[in-house]
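None of the figures in this text is laboratory data; all of them are computed from the coordinates on show. Computed from a predicted model, the values in this text were never measured in an experiment. All Cβ positions, glycine included, derive from the backbone under ideal geometry; neighbour counts span all protein chains shown.
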Amino acid sequence: MNQIWKTFLLTQKATFESDAHITFPMISDGNDKKIYPIEHLAILKISGNDADKLLQGQVTCNINDITECKSSLGALCNPKGRAITTFLLVKTPDAFLMVLPKELLATIQKRLQMYILRSAVTLTDCTEKLCLLGLSQAKKEDESLFDTSEQDVISVNFSVNECRHLIIAETDKAINIWSEYVNNQEFLPTSSEQWRYLDILSGLPWLTTETTEEFIPQMLNLDQLGGISYNKGCYTGQEIVARTHYLGKTKRALFLAECITTITPAPNSTIIDISTGTEQTIAKVLLAQQSPFTTETSANSVKMLIVLQLAENETYKLILDDDNRTQVTLLTQPL
């Protein structure tokens, strides 16, 4: 973690459970304006004259559709069409910035390096140089998902339902932004875990070391989120992804679900359906996060993104495959 940024956050009364889990003193004043440090994501810079060609041959989204005003989700797949990572791809005047789970950064950098050969492409880990922070408030602005603005810093719209932005900035600018929003615009410093929770509610399918290469992109709702192009041409894993699309909808889909438990389910935990009187493995946990808005009636509430096998009658009775056989409740149709 960038030590200058960490030192600054400590002056803002941050507590570091780990580098990726940062908390602040709770303030209950009804203020809906929040600012978050984001340390579980990394930034890989892909630059050079052939950067767009390299990415076009490796990722699910269409590089030609990405501009300095429009970012995109996407996935990098293995030859079997399984997503190794999901990412947000942002374009700057001289490079692409790939925002992805920090735990998968080394794997992705090594994999892309294999395909560079003699191409004019440079891969740079910018996680120490650039800071990520989030902003949220109730006021909804007139923006489309992943609309991007770039003046002194990069700001990406991160939700269709609320005003939530991901900010990418160099350290000194990140410090200035934080100070401006906290000191002059009454934003409250808020736990990094709450930002992850909001990502889950928004259906953003970040992968982990436990879930990498487990799911094809459509199972993660990337097609609905604009992260898959079916007319861009070949890329690694494209045959499987395209076949799934043209033969009909996938047999598994992403759902938002909830359970009541004191132990947050780990990624790739098994979910069983007992509606037929037999126990059948039917889903896997993609991400899970305990609610940061816990009240007496919602104590131990955990929200989850789960990849669920679709049943013809759409009737499920789901439980976690744990010692307590914890009940799982679906909160949405496929996201």
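If you place +1 on the Cβ of every Lys and Arg, -1 on the Cβ of every Asp and Glu, and leave all else neutral, what size is the dipole of region 217-330 about its Cα centre, to the nearest 20 Debye? Before the final figure, lay out the partial values.
On the way: 9 positive and 11 negative charges, 88 e Å.
It comes to approximately 420 debye.
Provide the net charge surrounding Lys53, with neighbours chosen by a C-beta distance below 13 Å and charges set as Lys +1, Arg +1, Asp -1, Glu -1. Let's see the in-between values first.
Working: positive: Arg118, Lys232; negative: Asp50, Asp52.
Around Lys53, the surrounding residues sum to 0.
With +1 on the Cβ of every Lys and Arg and -1 on the Cβ of every Asp and Glu, and nothing else charged, how large is the dipole of the chain about its Cα centre, in debye rounded to the nearest 20? It would help to have the intermediate numbers written out before the result.
Details: 29 positive and 40 negative charges, 161 e Å.
Computed charge dipole of the chain: roughly 780 debye.
Going by how many other beta carbons lie within 10 Å of each one, how would you line up Lys53, Lys80, fewest first?
Lys80, Lys53
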- request: Starting from the Cα of Lys317, draw a straight line to each of the aspartates and glutamates and keep only those under 14 Å, dropping any in the same chain fewer than 8 residues away.
  value: Glu258, Asp273, Glu279
message: To check you understand DSSP bridge types, tell me what percent of the beta bridges within the chain (both residues inside) are antiparallel, rounded to 5.
response: 95 percent
- prompt: For region 217-330, with the dipole built from +1 on Lys and Arg beta-carbon atoms and -1 on Asp and Glu ones, taken about the Cα centre, which of Ala283, Ile319, Gln238 lies farthest toward the positive end?
  reply: Gln238
- prompt: For the pair Asp152 and Gln224, how long in nm is the line joining their label points, each one 7 Å along Cα→Cβ?
  reply: 3.9 nm
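For region 81-141, what does the relative contact order come out to in percent, with C-alpha contacts under 8 Å and a separation of six or more?
Working: 24 pairs, mean separation 12.0, N = 61.
Worked out over region 81-141, it gives 20 percent.
Which entries in Lys45/Lys102; Lys70/Lys173; Lys6/Lys284; Lys45/Lys303 show an alpha-carbon gap greater than 25 Å? If you can, show how the numbers build up before the last one.
On the way: Lys45/Lys102 13 Å; Lys70/Lys173 22 Å; Lys6/Lys284 35 Å; Lys45/Lys303 32 Å.
Cα-Cα > 25 Å for Lys6/Lys284; Lys45/Lys303; rest within.
Normalised by the residues of region 1-208, what does the relative contact order come to in percent, with Cα pairs under 8 Å and at least six apart?
Working: 385 pairs, mean separation 57.6, N = 208.
Once divided by the residue count of region 1-208, the mean separation gives 28 percent.
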The chain - mean residue ellipticity at 222 nm from DSSP helices (-39,500 (n - 2.57) per run, n ≥ 4, rounded to 500): -5000 deg cm²/dmol
- line: For Ile116, the net charge from surrounding residues (Cβ-Cβ under 14 Å; K, R +1; D, E -1) works out to +3
field: Derived scalar couplings ³J(HN,Hα) [region 61-78; Karplus, 6.51 cos²θ - 1.76 cosθ + 1.60; whole Hz; x for Gly, Pro]
entry: 7, 8, 4, 5, 8, 8, 10, 5, 10, 9, 8, 8, 6, x, 9, 10, 10, 7
field: Estimated vicinal HN-Hα couplings, Hz - region 195-210 in sequence order (Karplus 6.51, -1.76, 1.60; Gly, Pro = x)
entry: 4, 4, 4, 5, 4, 5, 4, 7, x, 7, x, 5, 9, 9, 4, 7
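If we count other beta carbons within 10 Å of each Cβ, what is the order of Trp206, Trp195, fewest first? Intermediate results must be reported in sequence, preceding the final value.
Values: Trp206 23, Trp195 27.
With the fewest neighbours first, Trp206, Trp195 line up as Trp206, Trp195.
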task: Would you list which aspartates and glutamates come within 20 Å of Lys53, measuring only between C-alpha atoms, while excluding same-chain residues fewer than 8 positions from it?
output: Asp65, Glu68, Asp94, Asp125, Glu239
query: Relative to a virtual label point 7 Å from the Cα of Asn300 in the Cα→beta-carbon direction, which members of region 245-289 show backbone nitrogen distances below 11 Å?
result: 260-264
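By its C-alpha gyration tensor, with a ≥ b ≥ c as the square roots of the eigenvalues, how is region 1-208 shaped: rounded for a/c under 1.5, else prolate for a/b larger than b/c, else oblate? Can you show the working numbers first?
On the way: a/c = 1.83, a/b = 1.66, b/c = 1.10.
Since a/c reaches 1.5 and a/b is larger than b/c, the shape of region 1-208 is classed as prolate.
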field: Rounded to whole Hz, the Karplus (6.51, -1.76, 1.60) HN-Hα couplings of region 34-41, x for glycine and proline
entry: 10, 10, 10, x, 10, 10, 8, 10
message: Which of Leu201, Leu44, Leu117 ends up with the largest GNM mean-square fluctuation for the chain, with Cα atoms connected below 10 Å?
response: Leu117
